[in-house]
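Right, one structure below, let's go through it.
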Amino acid sequence: MTPLERALRGRILAEGPMTVEAFMAACNAYYYSTRDPLGASGDFTTAPEISQTFGELAGACLADCWARAGGPNDAIYVELGPGRGTLAADALRAIRSASLDPQVHFVETSAVLREAQAKAVPGATWHDDIESLPEAPLLVVANEFLDALPVRQFAGGIERKVVIAAGGLAFDRGGEIVETSPARDEAVSQIAKRLVANGGAALLVDYGHPKSGPGDTLQAVRAHGFVPVLDHPGEQDLTAHVDFEAVAKAAREAGASVTPLVPQGRWLERLGISARARALTKAHPDRTAEIASAVHRLCDPDQMGELFKAVAIHSPGWPAPGGFE
Ligand code: SAH
């Protein structure tokens with residue numbers, strides 16, 4: 001039994017059945033605070049870890065948007081859940097070459113990952129939550145952040161809970177599942193309010209669906225494969241597909257503008273991933289095959305190109321970032 005499972009069983013015995021939301025929150029808090037889960041030797045690999053082009057294009061996209069918004073020189077770079085800091089380092093290279101050298105603010109709860117981020121991006125400032133970010137125009141990136149925030153699940157209108165049954169953890173009910181994510185709605189709403197108040201744009205990239213609808217999307221990943229959700233609490237990554245209709249609604253209700261949702265592959269192609277890959281190949285001919293395979297992985301509809309999607313939210317006073325129309 002994992003240390004977290006022991007603690008969760010104690011909690012269920014003392015307090016009764018635990019909501020899926022509380023279970024997911026507890027598992028991920030433990031999981032991220034005890035390891036760096038990214039990369040071949042970890043549990044999963046994200047887009048910025050596959051190719052530097054991902055972060056570079058995200059950075060160039062924000063820098064272009066910032067320039068078209070009049071180039072306010074107090075704009076800051078913000079990343080939500082920056083992982084190893086790889087995306088930020090790549091994005092900031094592109095942003096600096098567009099003659100903005102922004103302050104860097106990371107929203108990150110994991111001490112282990114903060115350490116990796118400090119090595120990748122010297123001089124960053126960390127925050128436990130969005131609330132404590134400074135008041136300034138924001139250039140925000142969140143890749144595979146929203147999927148880690150907890151979801152509530154309902155079956156027949158009743159909230160689904162985790163119980164102890166037959167000596168193990170089990171769900172208390174099945175049937176058609178409907179998911180909501182108050183934590184996600186709140187994060188989007190907080191960012192959107194900042195954008196409306198001070199200007200700026202946010203790029204949100206994740207896997208998920210364009211329309212709200214029923215379905216159990218809670219999944220667990222360990223060592224690059226799917227595993228049962230209730231197994232090994234705290235030792236595997238729990239995520240749920242992002243309901244992008246709910247994301248857009250939360251952003252609009254806070255007064256922000258929302259772009260159309262586009263598949264990751266199409267978005268990166270519109271931002272010029274092919275040209276960027278050609279330039280990289282020219283500079284590193286020995287890496288030709290590796291660069292081509294990374295671009296294929298990011299863009300191909302059978303790989304990450306279609307399942308992953310991008311949307312931007314921005315202040316009504318700023319133009320929409322590129323690649324979405
Ligand atoms: N964006 C990175 C990492 C994705 S993994 C990449 O693309 O590689 C999810 C990230 O979100 C990790 O950095 C994790 O520590 C962070 N995270 C998860 N839940 C969080 C929370 N509630 N608040 C802040 N950060 C969180």
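The values are calculated or read from the model by the stated rules, or taken from the named source; none is laboratory data. Remember, it's a predicted structure, so these values are computed and weren't measured experimentally. Neighbour counts are summed over all protein chains in view; Cβ atoms, including those assigned to glycine, are modelled from backbone coordinates with ideal geometry. We work out accessible area using only protein heavy atoms, side chains counted, and drop any ligands, DNA or RNA first. Shrake-Rupley method; radii C 1.70, N 1.55, O 1.52, S 1.80 Å.
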For the stretch 89-141, the dipole about the Cα centre with charges only on Cβ (Lys and Arg +1, Asp and Glu -1), to the nearest 20 debye, works out at 320
Charge dipole of the chain built from unit charges on the beta carbon (Lys, Arg +1; Asp, Glu -1), centred at mean Cα; most positive-end Cα among PRO3, PHE308, MET24 is PHE308
Under the 7 Å Cα-to-Cβ spin-label approximation, THR288 and ARG173 lie apart by a distance in nanometres of 6.0
Per residue, accessible area of the stretch 1-54 with a 1.4 Å probe, heavy atoms of protein chains only, in Å², comes to 42
Taking placed amide H atoms and a strict 5 Å upper bound, the residues 5 or more places from LYS309 or on another chain that come that close are ASP206, TYR207, GLY208, GLN264
One checks the Cα atoms of the stretch 137-279 and finds Rg and Dmax, in Å, of 17.8, 59
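Would the stretch 78-134 count as rounded, prolate or oblate if I go by the C-alpha gyration tensor, calling it rounded below 1.5 in a/c and otherwise prolate when a/b exceeds b/c, oblate otherwise?
Working: a/c = 2.30, a/b = 1.40, b/c = 1.64.
Because a/c hits 1.5 or more and a/b fails to exceed b/c, the stretch 78-134 counts as oblate.
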Computed ³J(HN,Hα) along the stretch 138-155: with the Karplus parameters 6.51/-1.76/1.60, θ = phi - 60°, integer Hz and x for glycine or proline, the list is 10, 10, 10, 10, 9, 10, 6, 9, 4, 5, 8, 7, x, 10, 9, 10, 10, 10
The size of the Cβ-based charge dipole (Lys, Arg +1; Asp, Glu -1) of the stretch 162-266 about the Cα centre, to the nearest 20 debye, is 460
Phi-derived 3J(HN,Hα) across the stretch 99-115 with the Karplus relation (6.51, -1.76, 1.60, θ = phi - 60°), rounded Hz, x for Gly and Pro, is 6, 10, 10, x, 4, 10, 10, 10, 9, 8, 9, 7, 5, 5, 6, 4, 5
So the angle from the long Cα axis of helix 182-198 to the longest Cα principal axis of the chain, reported in degrees to the nearest 10, equals 30
From the Cα centre of the stretch 89-158 to that of the stretch 184-199, the distance in Å is 14
Residue by residue through the stretch 296-309, the couplings from Karplus 6.51 cos²θ - 1.76 cosθ + 1.60 with θ = phi - 60°, in Hz, x for Gly and Pro, are 4, 4, 6, 10, 5, x, 7, 9, 9, x, 10, 5, 7, 9
Given a 1.4 Å probe, the accessible area of the stretch 236-299 per residue, as a whole number of Å², is 47
Using a 1.4 Å probe on heavy atoms of the protein chains only, the accessible area for ASP231 in Å², nearest 10, reads 60
Per GNM of the chain with C-alpha springs under 10 angstrom, the most fluctuating residue out of ALA47, ALA29, ALA289 is ALA289
Simple spin-label estimate for HIS224/ASP128, 7 Å along Cα→Cβ, in nm, reads 3.7
With a 1.4 angstrom probe the carbon and sulfur portion of accessible area for the stretch 58-122, in percent, totals 51
Given Cβ charges of +1 for Lys and Arg and -1 for Asp and Glu, the option among GLY39, ILE291, ALA251 whose Cα lies farthest towards the positive end of the dipole of the chain is ILE291
Result: in the chain the number of Lys pairs with C-alpha under 26 Å apart, spaced 8 or more or on different chains, is 7
Out of LEU230, LEU87, LEU238, a Gaussian network model of the chain with alpha-carbon springs under 10 Å gives the largest mean-square fluctuation to LEU230
quick shape note, the stretch 19-122: Cα extents on principal axes in Å, largest first -> 46, 29, 23
Across all Cα atoms of the chain, Rg and the largest Cα-Cα distance (Dmax), in Å, are 19.8, 63
Tilt, helix 273-283 to longest principal axis of the chain (alpha-carbon atoms), in degrees rounded to tens, equals 70
Of ASP74, ASP185, ASP237, the most mobile residue in a GNM of the chain (C-alpha springs, cutoff 10 Å) is ASP74
With +1 on the Cβ of every Lys and Arg and -1 on the Cβ of every Asp and Glu, the dipole magnitude of the chain about its Cα centre, in debye rounded to the nearest 20, is 400
With the charge dipole of the stretch 126-252 built from beta-carbon charges (+1 for Lys and Arg, -1 for Asp and Glu) about the Cα centre, the Cα from VAL221, VAL178, ILE191 projecting farthest to the positive end belongs to VAL178
